[in-house]
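**Q** Quick one: the structure is below, and I'll ask about it shortly.
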Amino acid sequence: MNKAELVEAVQANLGGDTSKRAAGDALDAVLGAIAKGVKKGNVQIIGFGTFKVASRKARMGRNPKTGESMKIKASKTVRFVPSAALKESV
């Protein structure tokens, strides 16, 4: 499912009088709030899952083009841990 399909699903769930624009704006607001919340810490949505910030350690990698070894810097990434309810529904 891509974003356009998700907007259509939100529109269908909100009812026939809701426009695609309003559904898209609602989806953008939710995604924006999650992105801002993850910057501050974990974002937990009961019944869906938790978005967490995880740290990646520095490591050695390989340049796929030249095969040369290179150092990859430490970084942060976002991890998603699904809730038990979401796992059961799949």
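Conditions tested, residue by residue: (1) under 26 Å from Glu88 (Cα atoms); (2) touching a residue at least 40 places away in the same chain (Cβ under 8 Å); (3) open to solvent by 60 Å² or more (accessible area, probe 1.4 Å).
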| residue | (1), (2), (3) |
| --- | --- |
| Glu8 | yes, no, yes |
| Ala12 | yes, no, yes |
| Val43 | yes, no, no |
| Ile46 | yes, no, yes |
| Gly61 | no, no, no |
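**Q** Any chance you could count how many residues in region 35-71 are among the charged types (D, E, K, R) and under 30 Å from Leu86 (Cβ atoms)?
**A** Of the residues in region 35-71, the ones among the charged types (D, E, K, R) are 36, 39-40, 52, 56-57, 59, 62, 65, 68, 71.
Next cut, under 30 Å from Leu86 (Cβ atoms) only: 36, 39-40, 52, 56-57.
Count: 6.
**Q** Going through region 9-41 one residue at a time, which ones are under 22 Å from Ser75 (Cβ atoms) and basic (Lys, Arg)?
**A** The answer is Lys36, Lys39, Lys40.
**Q** Going through Ser69, Ser83, Ser75 one at a time, which residue ends up being among the polar types (S, T, N, Q), open to solvent by less than 60 Å² (accessible area, probe 1.4 Å) and touching a Gly at 6+ places or on another chain (Cβ under 9 Å)? I'd like the intermediate steps shown before the answer.
**A** Numbers: Ser69 fails: open to solvent by less than 60 Å² (accessible area, probe 1.4 Å); Ser75 fails: touching a Gly at 6+ places or on another chain (Cβ under 9 Å).
After applying the criteria, what remains is Ser83.
**Q** Confirm whether Arg56 is open to solvent by 90 Å² or more (accessible area, probe 1.4 Å) and either in contact (Cβ under 8 Å) with a residue 12 or more places away in the chain or under 16 Å from the mean Cα position of the chain (by Cα) (or both).
**A** yes
**Q** Quick one: Val38 ticks every box in (1) surrounded by 13 or more Cβ atoms within 10 Å (Cβ to Cβ); (2) out of contact with any strand residue (DSSP E or B) (no Cβ under 6 Å at 6 or more places or on another chain); (3) among the aliphatic types (A, V, I, L, M) bar one, so which box is it?
**A** Every listed condition holds for Val38 apart from (2).
**Q** In region 15-29, how many residues are under 18 Å from Met1 (Cα atoms) and surrounded by 14 or more Cβ atoms within 10 Å (Cβ to Cβ)?
**A** Total satisfying the criteria: 4.
**Q** Every residue in region 43-56 that is out of contact with any Ser or Thr (no Cβ under 9 Å at 6 or more places or on another chain) and either farther than 19 Å from Ala33 by Cα or among the basic types (Lys, Arg) (or both), please.
**A** Once the filter is applied, which keeps residues that are out of contact with any Ser or Thr (no Cβ under 9 Å at 6 or more places or on another chain) and either farther than 19 Å from Ala33 by Cα or among the basic types (Lys, Arg) (or both), region 43-56 yields only Lys52.
The values are calculated or read from the model by the stated rules, or taken from the named source; none is laboratory data. Since the model is a prediction, treat every value here as computed from it, not as a measurement. Cβ sites come from the backbone with ideal geometry, for glycine too, and all protein chains shown count toward neighbours. For accessibility, only protein heavy atoms count, side chains too; no ligands or nucleic acids. Shrake-Rupley method; radii C 1.70, N 1.55, O 1.52, S 1.80 Å.
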